[in-house]
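Data block below; observations after.
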């Protein structure tokens, strides 16, 4: 072998060794930084979990700020008030609505707590047994299966009334935590309304400069669409509240407004909420007339209440919801139906509630960042 050939061979071997050495260093460095990133993600996840209460407060304040935003804008732009005064008046208005509802619910809650403290279990069982027997006779449920299923012992077999004092204590603790939470939400809400750009500034601080303009446009459009959406939901609840209250008041059902409000609020859970509401309004109507004749008073009044409930649902499904979806989130009712059904299947009732706002936000982002995509163009043609 010549000297030149030998040198060339040594050079190739050296370069191969150097290349392998460099590759191993790159692999080691890559693994090291991957571990660092994973640890960083774990730390961030842990911090988010520890700060979950604060995150929830900020999310609630963000949603309420979208509802109060039109009020604050009207006071700032039309009435010419400064941002501090406009935000303060908006919060006072929203808190006034909350206080009105609390003034209706708190006395009822206190009354129920007093009733629980003086609860006579034997009397309660007798009342329920009487109602169950009347239902069985009216619907001719005489076979042993139905008698066993509707028997008081079967209904109460899993109920531990000894836990009632503990439940009351936990409820009072929850009420104390709610007070702290409410103060936190109001404080955050004030700055969200006063400095409406603060959420935008937080988001823009963590994105790259080259996409900041698109992100800013997306944020503005999302805020406008979701603001209209949440105001539409308030209108939807208000219409149902009026219908249910009128029906229950006319039929002389106790605590008509409270029952109507609960059933209207349940309507926020798409499809599942109205079913729960129908069951709840039926049970509470029957319980209002315990001791009365079942066939002449309890059953007719319950049926009339359910007819009123059905009228409310027809108005909601054929008038309120199409108006809200077409004018706020600009989505077709069939599109919304498929979305909610998919969200409910994957994530349950919670997913059904948040599906529409999240879907609307994703559509806006898609339109801004991928405007030429055929699917996105089809979904956002009404934007």
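The values are calculated or read from the model by the stated rules, or taken from the named source; none is laboratory data. Because the structure is a prediction, the values reported are computed rather than measured. A quick note on method: Cβ atoms are made from the backbone with ideal geometry, for glycine too, and the neighbour counts reach across all protein chains shown.
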Cβ pairs under 8 Å, 6+ apart or interchain, first in segment 304-317 and outside the structural domain of residue 235 (by TED's automatic domain parsing), second at pLDDT below 90 and in a helix (DSSP H, G or I), ordered by first then second residue, are none
If we keep only residues of segment 64-96 that are under 15 Å from residue 191 (Cβ atoms) and surrounded by fewer than 16 Cβ atoms within 10 Å (Cβ to Cβ), then the residue modelled with the highest pLDDT is 85
- Kindly indicate whether residue 245 is in the same structural domain as residue 351 (by TED's automatic domain parsing), surrounded by fewer than 17 Cβ atoms within 10 Å (Cβ to Cβ) and either free of Cβ contacts under 8 Å to residues at least 40 places away in the same chain or not in a helix (DSSP H, G or I) (or both). no
Just one listed residue, out of 278, 264, is within 21 Å of the chain's Cα centre (by Cα) and over 30 Å from residue 192 (Cβ atoms), and it is 278
Taking segment 342-366 and keeping residues over 14 Å from the mean Cα position of the chain (by Cα) and in contact (Cβ under 8 Å) with a residue 60 or more places away in the chain leaves 360, 361, 364, 365
